[in-house]
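The values are calculated or read from the model by the stated rules, or taken from the named source; none is laboratory data. Just so it is clear, the model here is predicted, and its values are computed rather than measured. Here the Cβ positions follow ideal geometry from the backbone for every residue, glycine too, while neighbour counts run over all protein chains shown.
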Amino acid sequence: MSLNSLPFTVFDVETTGLYPYSGDKICEIGAIRVTIGSRKTEKFHCLIDPGRPISEGAFFVNRITAEMVKGKPAIEEVLSRFLKFIKGSVLVAYNAGFDLGFLECALGGDRHILDDYRVIDALALARRLFPHIGRYNLANVASSLGISASQRHRAMSDTIMTLGIFKKELDILRAQGARTIDDIFALGRRKADRGREVVKDYKIKLIEEAIRDEKRLHITYYSSWNNRTTKRVVTPKEIQKGFDTSYLIAHCHLRDEERNFKLEGILDAKLEEA
């Protein structure tokens, strides 16, 4: 199927915190289903009662309060409607692993449903197609491309910005010869495969050694959530495979709590010396 006739669902989730595998939940979903060659669009938006407090850090970003989600539908009800909305489409998100990780946890035993979907990460495409931008948080990329939204860090406004970015990415991909969804993945596959090999041969072995010998790791970590790089000391517990990436579950001594870290975000790591 050509890119012009293929249905895409661009979506975004807002959450109670950053760590779905440590208990954080979705509190808002926004999505736009669109066929690029048609003017017709459909929208999906819902606030969700997450059943747990919204962290101070999350509130600072999305400004969603406990009062705003009180009495709203539970995630189970919203997911059944959302799955009907996205059926048969290609999923697009900005930093897709984050959003999909939360969906995967929310689906629980039904997470295999996501295996049927092709997923495009608009952030990964932006880094490859717009190398001059420098900072790749959603708002900065959108602003650099002349795309605006009424709000930031709310599900529907972030979805609108992501859709605008994705349309510009598609223009470039078409110019590079992409005509189908398989062409898009083929253009970036070689680079992605090299990246996975680095992860496999270096980070995983080091983490497995730290778990086996009960040692701490000193890591340099890049968070795509806030576009910051920090140095941390962690005690690794396990490696957990997510939808399209893998996570290190570890006790973070900087925050003194359990957190999950994307393996691709770990820029450097070394074992703590005895």
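Would you please list the contacts, defined by Cβ atoms under 7 Å and residues six or more apart or on different chains, that run from a residue in the range 98-122 that is in the same structural domain as GLY17 (by TED's automatic domain parsing) to a residue that is part of a strand (DSSP E or B) and among the acidic types (Asp, Glu)?
ASP99/ASP12
State all residues of the range 30-71 that are closer than 17 Å to PHE11 by Cβ and either modelled with pLDDT under 95 or β-branched (Val, Ile, Thr) (or both); if no residue qualifies, say none.
Matches in the range 30-71: ILE32, VAL34, THR35, ILE36, THR41, ILE48, ASN62, ILE64.
Condition check: assigned to a loop (DSSP other than H, G, I, E, B) and under 23 Å from HIS45 (Cα atoms). Does ARG152 satisfy that?
Here the answer is yes, as ARG152 does meet what is asked.
Looking only at the range 197-216, count how many residues are surrounded by 14 or more Cβ atoms within 10 Å (Cβ to Cβ) and modelled with pLDDT under 55.
Number satisfying all stated conditions: 1.
Residues in the range 58-115 that are exposed (fewer than 14 other Cβ atoms within 10 Å of the Cβ), charged (D, E, K, R) and not in a helix (DSSP H, G or I): how many?
Qualifying residue count, the range 58-115: 2.
Just for the range 229-251: of the residues that are at pLDDT 90 or above and β-branched (Val, Ile, Thr), which one is farthest from GLU208 (Cα to Cα)?
Filtering the range 229-251 for residues that are at pLDDT 90 or above and β-branched (Val, Ile, Thr), the one farthest from GLU208 (Cα to Cα) comes out as VAL233.
Step by step: first the residues of the range 265-274, then only those that are at pLDDT below 85 and part of a strand (DSSP E or B), then the one that is nearest to LYS241 (Cα to Cα). Which residue is that?
The selected residue is ILE266.
Output the residue which, of all residues in the range 243-264 that are part of a strand (DSSP E or B) and acidic (Asp, Glu), is surrounded by the most Cβ atoms within 10 Å (Cβ to Cβ).
Only one residue fits best here, namely GLU258.
Tally the residues that are within 16 Å of the chain's Cα centre (by Cα) and modelled with pLDDT of 90 or more, restricting the search to the range 76-97.
7
Would you be able to say whether some residue in the range 47-54 is closer than 23 Å to ARG255 by Cβ and under 20 Å from the mean Cα position of the chain (by Cα)?
Within the range 47-54, one or more residues are closer than 23 Å to ARG255 by Cβ and under 20 Å from the mean Cα position of the chain (by Cα).
So, in the range 1-53, how many residues would count as being of a type in the set (Ser, Thr, Tyr), closer than 17 Å to GLY71 by Cβ and surrounded by fewer than 20 Cβ atoms within 10 Å (Cβ to Cβ)?
Total meeting the criteria: 0.
Under 7 Å by Cβ, and 6 or more places apart or on different chains, what pairs join a residue from the range 66-83 that is in contact (Cβ under 8 Å) with a residue 12 or more places away in the chain and at positive phi with one that is surrounded by 12 or more Cβ atoms within 10 Å (Cβ to Cβ) and in a loop (DSSP other than H, G, I, E, B)?
Note: pairs meeting the criteria are GLY71/ASP49.
Out of all the residues in the range 161-178, is one or more in the same structural domain as ARG39 (by TED's automatic domain parsing), outside any helix (DSSP H, G or I), in contact (Cβ under 8 Å) with a residue 60 or more places away in the chain and under 19 Å from the mean Cα position of the chain (by Cα)?
No.
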